[in-house]
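Working notes, structure below.
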Amino acid sequence: MAPVLEDLAVGQEVGRREIGVDRSRLVRYAGASGDFNPIHWNERFATEVGLPGVIAHGMWTMGAAVGVVSDWVGDPGAVVDYQTRFARPVPVPDPDGATVEVVAVVGALDAGTGTARIDLTVTAAGARVLAKCQALVRLS
Amino acid sequence: MAVNPEFAGREYPPNEAYEVGREKLREFAEAVGATHPAHTDVDAARALGYPDVIAPPTFAVVVAQRAEAQLIEDPAAGIDFSRVVHADERFIHHRPIHAGDRLVTVLHVDAVTERAGLSMVTTRAVIHAEDGEPVATVTSTLAVRGEDA
């Protein structure tokens, strides 16, 4: 059942998920996206440029987080606007990797345009990694 | 070297079309953990009214970054990619990207600003189908650390 605008309330949680990420995941994302920046797979390079180690692509984190919204709305094509600021990197140590936690809450409703703004709280190791992470979805 | 402020306001001509393939969308969906069947199963996508499998919401970055390369790989722009951090990203979708699309992008450099040893470069990639139909706009800000930062 697709969600209906009239049944939603601001502040309502619509989904949450924990997503694991390890080095093989980053290599896979590098290949799929074409972003081969070595800070996402080469420990030596990452530390030489002042990072704590290999970090996840911000775009991987952003892309993984919105899956909660796509699955909730039932149609990934209903996401008409999606934005974030990258607040903090997500270090991905080998071999343990990291866990990203996503909580999706209704941030605003607009009956005129038939849209709901879903605000995503995205954290790793207790710290917020994406800021102002918002997805606007069109509901029928 | 700081990013060249003269690039602000620049608009590039439409680039060569990006042809969206089913397997590329499936590969990207798998990489971001997008498990909705509309990304991988043609019948599931058609049941939602789309002509073919559709892209996850952030796939447009792959299309946009081809256009952004015109700026980033231009030595005159002064962007040292080893000193770049991604600051923000936004996707506006007029319709989902689907397999079979041939997408042309016009890149705009909206702003180049200096702030506390950082150069902030904001680009806007306007993506449309070959027939001119608007598809998506991808806005991205990169922060480039100066030599002393």
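A short reminder: the numbers here are calculations on the coordinates, not readings from a lab. Computed from a predicted model, the values in this text were never measured in an experiment. Note that we place each Cβ from the backbone using ideal geometry, even for glycine, and neighbour counts take in every protein chain shown.
Looking at segment B:74-109, which of its residues are over 12 Å from the mean Cα position of the chain (by Cα) and among the polar types (S, T, N, Q)? Result: B:Ser82, single match.
Can you pull out every residue in segment B:12-44 that is crowded, with 17+ Cβ neighbours inside 10 Å, more than 18 Å from the chain's Cα centre (by Cα) and of a type in the set (A, V, I, L, M, F, W, C)? Matches in segment B:12-44: B:Ala34, B:Ala38.
The requirement of being under 21 Å from A:Arg117 (Cα atoms) and at the interface with chain B (Cβ under 8 Å from one of its Cβ atoms) is satisfied by A:Gly67.
The set of residues in segment A:65-94 that are outside any strand (DSSP E or B), under 10 Å from the mean Cα position of the chain (by Cα) and within 22 Å of B:Val85 (Cα to Cα) comprises A:Ala65, A:Val66. Residues that are within 8 Å of chain B (Cβ to nearest Cβ) and surrounded by fewer than 17 Cβ atoms within 10 Å (Cβ to Cβ) occur at least once in segment A:81-94.
In segment B:67-94, the qualifying residues are those that are within 13 Å of chain A (Cβ to nearest Cβ) and part of a helix (DSSP H, G or I), and the one that is surrounded by the fewest Cβ atoms within 10 Å (Cβ to Cβ) is B:Phe81. If the condition is being touching a residue at least 24 places away in the same chain (Cβ under 8 Å) and facing chain B (nearest Cβ under 7 Å), then segment A:36-62 contributes A:Gly58, A:Met59, A:Trp60, A:Met62.
Being over 15 Å from the mean Cα position of the chain (by Cα), more than 11 Å from chain A (Cβ to nearest Cβ) and either part of a loop (DSSP other than H, G, I, E, B) or surrounded by 16 or more Cβ atoms within 10 Å (Cβ to Cβ) (or both) narrows it down to one residue among B:Gly49, B:Gly9; which is it? Testing whether each residue is over 15 Å from the mean Cα position of the chain (by Cα), more than 11 Å from chain A (Cβ to nearest Cβ) and either part of a loop (DSSP other than H, G, I, E, B) or surrounded by 16 or more Cβ atoms within 10 Å (Cβ to Cβ) (or both) leaves just B:Gly9.
Within segment A:125-139, can one find any residue that is among the basic types (Lys, Arg) and buried (at least 17 other Cβ atoms within 10 Å of the Cβ)?
yes
When A:Trp41 is tested against the conditions (1) within 17 Å of the chain's Cα centre (by Cα); (2) within 28 Å of B:Lys24 (Cβ to Cβ), the lone failure is (1). The residues in segment A:1-56 that are surrounded by 13 or more Cβ atoms within 10 Å (Cβ to Cβ), in contact with an Asp or Glu (Cβ under 8 Å, 6 or more places away or on another chain) and in a loop (DSSP other than H, G, I, E, B) can be counted, and the count is 3. When B:Ala99 is tested against (1) touching a Gly at 6+ places or on another chain (Cβ under 7 Å); (2) away from chain A (no Cβ under 11 Å); (3) of a type outside the set (Phe, Trp, Tyr); (4) surrounded by fewer than 21 Cβ atoms within 10 Å (Cβ to Cβ), only condition (4) is not met.
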